[in-house]
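Structure record follows, encoded as structure tokens.
The values are calculated or read from the model by the stated rules, or taken from the named source; none is laboratory data. Since the model is a prediction, treat every value here as computed from it, not as a measurement. Virtual Cβ from ideal backbone geometry, glycine too; neighbours counted across all protein chains shown. Keep in mind that these areas ignore ligands, DNA and RNA; they rest on the heavy atoms of the full protein, side chains included. Shrake-Rupley method; radii C 1.70, N 1.55, O 1.52, S 1.80 Å.
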Amino acid sequence: MDRFDNIPEQALAWHRAGKGAALATVVETWGSAPRRVGAQLAVSGEGEIAGSVSGGCVEGAVVTEALDALEDGGHRMLEYGVSDGDAFAVGLACGGTIRILVEPVGQALPEAMLADLVAARAARKPRAYVIDPATGARELTGAGFAERFRMDRSGFEEDGRFVAIHNPPLRLIVVGAVHIAQALVPMARIAGFDPVIVDPRPAFAAAARFPGEEIREDWPDEAVAALGLDPRTALVLLTHDPKIDDPALEAALAAEVYYIGALGSKRTHAKRVERLTARGFTEGQIARIHGPIGLDIGAAGPSEIAVSILSEMIAVLRKGQA
């Protein structure tokens with residue numbers, strides 16, 4: 001799975017250690033490529049590598065070009081035709097073309113700009129790295145490109161600029177350490193989310209029920225305040241208990257989380273709407289809640305309900321709707 005990596009961080013570390021470093025970024029590729037547009041490979045001046053741009057097809061050639069770029073200081077755009085045989089070797093049905101941008105750090109790519117990107121990633125702030133390959137003009141911004149940020153989609157703009165999207169990792173906060181959560185959390189982790197389970201009830205919030213996962217035995221309003229809520233966070237409420245669910249729900253409605261889902265029947269949700277309306281939340285705010293939670297796939301049992309919830313979370317993330 002594509003998880004939050006440390007390729008820019010590694011390139012900056014190599015550069016600051018005096019080794020030299022170059023960043024190689026996929027800017028165009030074939031439809032079934034093992035690495036998405038925006039995938040990166042860091043190469044040190046000593047030939048060390050981190051990351052991947054093709055799954056093995058062209059890495060060797062890219063490393064050679066990166067070392068040459070460190071010598072002359074300029075960026076370069078590489079293009080490789082991948083044969084059917086080479087494509088099959090890395091799991092593709094057929095070959096195609098891949099384009100890769102190589103930028104030596106501290107030369108074509110300013111060290112200060114890369115350091116700003118690394119700092120933004122550490123602070124969970126989304127950033128777009130924008131370059132005009134024709135002129136070499138570069139910009140790092142958190143403004144604009146709303147669709148690209150939502151879709152995690154790097155690529156070329158119509159004006160010829162390439163936009164590399166650097167989003168914070170996706171995060172899932174699950175309120176209620178119930179059976180559905182036991183199925184949902186590992187599924188969400190496979191899909192690329194970093195899950196946190198919140199439940200003030202010790203019998204539910206037991207480490208043995210969620211091996212290796214982060215569990216907070218706190219009241220949800222305190223937990224979400226400590227964790228923070230942002231546009232890369234999904235909040236799922238599973239307890240059915242208003243005194244546990246509602247405080248976290250109210251915090252989410254006042255924040256910019258991208259998804260809010262609450263377990264319960266239509267009748268339960270109607271009562272939830274009544275409570276929130278009485279507390280001053282608007283119809284538009286309350287409409288952000290997906291309740292009953294999950295896509296209607298006829299789910300039966302905790303595991304299938306978890307599938308429906310995760311499917312809805314992904315649909316909202318990628319399509320803006322469920």
Pairing a residue in the stretch 121-146 that is closer than 15 Å to residue 162 by Cα with any residue that is hydroxyl-bearing (Ser, Thr, Tyr) and exposed (fewer than 14 other Cβ atoms within 10 Å of the Cβ), where Cβ atoms lie under 6 Å and the two sit 6 or more apart in sequence or on different chains, gives 128/141
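Just checking, which of 291, 320, 301, 264 is on the phi > 0 side of the Ramachandran plot and buried (at least 18 other Cβ atoms within 10 Å of the Cβ)? Talk me through it step by step, then tell me what you get.
On the way: 291 fails: on the phi > 0 side of the Ramachandran plot; 320 fails: buried (at least 18 other Cβ atoms within 10 Å of the Cβ); 301 fails: buried (at least 18 other Cβ atoms within 10 Å of the Cβ).
After applying the criteria, what remains is 264.
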Name the strands (runs of 3 or more DSSP E) wholly inside the stretch 175-263 in which the number of residues that are under 25 Å from residue 151 (Cβ atoms) is 2 or more. 193-198, 233-237, 259-262
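Which of the following residues is open to solvent by 10 Å² or more (accessible area, probe 1.4 Å), touching a Leu at 6+ places or on another chain (Cβ under 8 Å) and of a type in the set (Lys, Arg): 232, 209? Before you say what the answer is, go through the steps one by one.
Details: 209 fails: touching a Leu at 6+ places or on another chain (Cβ under 8 Å).
Just a single option satisfies the conditions, and that option is 232.
Which one of 249, 229 is in contact with a helix residue (DSSP H, G or I) (Cβ under 9 Å, 6 or more places away or on another chain), modelled with pLDDT of 90 or more and under 17 Å from residue 276 (Cα atoms)?
Working: 229 fails: under 17 Å from residue 276 (Cα atoms).
The unique qualifying residue is 249.
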Taking the stretch 58-72 as the search range and keeping residues that are within 19 Å of residue 111 (Cβ to Cβ) and open to solvent by less than 20 Å² (accessible area, probe 1.4 Å), which one is nearest to the chain's Cα centre (by Cα)? 66
Some residue of the stretch 165-177 being surrounded by fewer than 16 Cβ atoms within 10 Å (Cβ to Cβ) and modelled with pLDDT of 95 or more: no
Qualifying residue in the stretch 145-155 (condition: over 15 Å from the mean Cα position of the chain (by Cα) and more than 16 Å from residue 231 (Cα to Cα)): yes
I'd like to verify a number: residues in the stretch 270-288 that are open to solvent by 30 Å² or more (accessible area, probe 1.4 Å), out of contact with any Asp or Glu (no Cβ under 8 Å at 6 or more places or on another chain) and closer than 24 Å to residue 320 by Cα, how many? 8
Give the residue that is farthest from the chain's Cα centre (by Cα), with candidates limited to residues of the stretch 187-206 that are open to solvent by less than 60 Å² (accessible area, probe 1.4 Å) and not aliphatic (A, V, I, L, M). 200
Please name all residue pairs, on different chains or six or more residues apart, with Cβ atoms under 8 Å, provided the first residue is in the stretch 238-260 and is among the polar types (S, T, N, Q) and the second residue is assigned to a loop (DSSP other than H, G, I, E, B). 239/176; 239/178; 239/199; 239/263
Kindly indicate the residue of the stretch 18-32 that is touching a helix residue (DSSP H, G or I) at 6+ places or on another chain (Cβ under 9 Å) and modelled with pLDDT under 95 and also surrounded by the most Cβ atoms within 10 Å (Cβ to Cβ) among those meeting that condition. 30
Assuming residue 293 fulfils every condition listed in (1) farther than 17 Å from residue 187 by Cα; (2) in a loop (DSSP other than H, G, I, E, B); (3) touching a strand residue (DSSP E or B) at 6+ places or on another chain (Cβ under 7 Å) apart from one, which condition is it? (1)
Give the number of residues within the stretch 163-210 that are closer than 19 Å to residue 231 by Cβ and not hydrophobic (A, V, I, L, M, F, W, C). 8
Residue that is most open to solvent (accessible area, probe 1.4 Å) [pool: residues in the stretch 73-98 that are at pLDDT 75 or above and of a type in the set (D, E, K, R)]: 79
